[in-house]
Each structure stands twice: as C-alpha cells, then as structure tokens.
Amino acid sequence: MMIKELIKYFENKKVLILGCGREGISTYKLIRKYLKNQEIYIADAKQDFQKDYEIFDGDENVHFISGEMYLEGLENYDVIMKTPGISFAGIDTSKYVHKIKSQLELLLEFFDVTTIGITGGKVLRLLLFIICFKSRVLDRCYLEILVCQFLILLKR
C-alpha cells in the first residue's frame, strides 16, 4: 500500500535525480520500475556520466545534465532527489528547498515502520546489529535486507 503512495508522489512530476552514484541509480530504478514512461532527469558533475551505465540504454524518457553546470536550473523541477555526495555549499536553495528530498526522507515519510538508525564505523554497526537481533528488536522480514546492507559496507 505504501509503495503506491510513494509512486503517486513521483507521478506526473518533473523529477531530477541529483547525483548518479549508487543512490541515484537505485532511485532511477525505483521510478522506472513503476512509472515506465515518466520523464526523469539525472544531473551529475561528471561529464557524460551516463556512458558508464548500460541501464540507461534504450530509455528515451531519461535526460542527462552533466558537467560544471549540473546544479543550474534546480528551481525548474517539482522533485529534486538529492544523493549524499552532492553539496549545496555556497548555493542559495531557499527558492526550492521544499522540493529537495532524499531516499531516507521519503522512507520515513511514506513507510510506517519502526526505524533504527545506526551510525559509526563498520564494527560499531555490526555490534549494534547483533545486539538488536539477539534482543529480537529486528523483525525477520528485515534481517535479509540488513545482512545485505552490512555485507556491502564490509566491501567498502
């Protein structure tokens, strides 16, 4: 049910994904999975970044902004999905700050789940994960997702 509300949030809006790293790609995949013909704009500082990703091949409804000017015209979008690596330092975002969202922000807004935030190094995350699991705070449904995320962290 909640995924329908999230998809409706993106539907028929001019969406910009700001940053084409892991989080930018996963945002693209989510929108494209449910809204096949939705126009999506992706901006990144790296010139011609889209050539690094086969996922965009054949998608006529995705548009790219790259290079030094990638942060210009942000006020022209309805939703700006900002990824963690993008900095707005020195940029006046007051005209469109209400349009800027992150994956975490949308998770908390659209999904009614208990949320546990764990920050710190890999070892601290592992210890907190083990404590939560042993105390049965974590539901089995989330176990597989958390294990996958932890394994990704270990590879970094």
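The values are calculated or read from the model by the stated rules, or taken from the named source; none is laboratory data. Note that the structure is predicted; figures quoted are calculated from it, not measured. When we count neighbours, we look across all protein chains shown, and the Cβ atoms used for this are built from the backbone with ideal geometry, even at glycine.
Below are the figures for this structure:
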quantity	calculated
The stretch 1-18: number of residues that are of a type in the set (V, I, T) and at pLDDT 95 or above	2
Yes/no for F150 being more than 29 Å from E11 (Cβ to Cβ), surrounded by 13 or more Cβ atoms within 10 Å (Cβ to Cβ) and modelled with pLDDT of 65 or more	no
Matching residues in the stretch 72-99 - criterion: being free of Cβ contacts under 8 Å to residues at least 40 places away in the same chain, of a type outside the set (K, R) and touching a strand residue (DSSP E or B) at 6+ places or on another chain (Cβ under 9 Å)	E72, G73, F88, T93, Y96
Pairs with Cβ under 7 Å, 6+ apart, first in the stretch 35-56 and under 11 Å from I25 (Cα atoms) and in contact (Cβ under 8 Å) with a residue 60 or more places away in the chain, second outside any loop (DSSP other than H, G, I, E, B) and among the hydrophobic types (A, V, I, L, M, F, W, C)	none
Scan of the stretch 27-44 for residues that are closer than 20 Å to S87 by Cβ and either of a type in the set (A, V, I, L, M, F, W, C) or surrounded by fewer than 17 Cβ atoms within 10 Å (Cβ to Cβ) (or both), ordered by number	I42, A43
Given (1) of a type in the set (F, W, Y); (2) within 16 Å of K101 (Cβ to Cβ); (3) not in a helix (DSSP H, G or I), index of the condition Y28 fails	(3)
Considering residues of the stretch 91-106 that are in a helix (DSSP H, G or I) and within 16 Å of the chain's Cα centre (by Cα) only, the residue modelled with the highest pLDDT	K99
